[in-house]
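The values are calculated or read from the model by the stated rules, or taken from the named source; none is laboratory data. This is a predicted model, so every value here is computed, not measured. Here Cβ is always computed from backbone atoms with ideal geometry, including for glycine, and neighbour counts include all displayed protein chains. Ligands, DNA and RNA are excluded from the accessible area calculation, which covers all protein heavy atoms including side chains. Shrake-Rupley method; radii C 1.70, N 1.55, O 1.52, S 1.80 Å.
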Amino acid sequence: GSLPKWVVNRVSQFVAPKAMKKIYKAGLKYPEWKRKHDPGYKPWVYPEQNTLPSVSLAELSVQHADSLENIDETGLAE
């Protein structure tokens, strides 16, 4: 369903600041955590470390935002 704008605005006044504080605290702890957990593994710096399968360029297509609102998912399995 769709939420009224006033509900989203009201909730975001409380939820967003709390989420940002949690993200900030986690970020402060990251350097120490990374030192303990495979510090040399940085696939965003060294692409050869990436073990995820690549996507073929032929499988990609340009989608415009207005076309995403009417996607028919009735034929998809859960």
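Counting pairwise Cα distances across the chain, what percent come out greater than 16 angstrom? It works out to 78 percent of all Cα pairs. For segment 1-46, the equivalent ellipsoid derived from the alpha-carbon gyration tensor has semi-axes of 35, 14, 6 Å in decreasing order. Per-atom-type breakdown for segment 1-46 gives carbon and sulfur 66% of the accessible area (1.4 Å probe, protein chains only).
Only lysines eight or more places from residue 25 in sequence, or on another chain, were considered; those with a Cα closer than 20 Å are 34, 36. Residue 23 sits with roughly 110 Å² accessible to a 1.4 Å probe, with DNA, RNA and ligands left out of the calculation. Assign unit charges at the C-beta atoms only (+1 for Lys and Arg, -1 for Asp and Glu), then state the dipole size of the chain relative to its Cα centre in Debye, rounded to the nearest 20. My answer is approximately 1060 debye. Taking the average, over residues, of other Cβ atoms within 10 Å as the packing measure, peptides 45-56, 7-18 rank 7-18, 45-56 from highest down.
Remark: the chain carries 103 Å² of accessible area per residue (probe radius 1.4 Å; ligands, DNA and RNA excluded).
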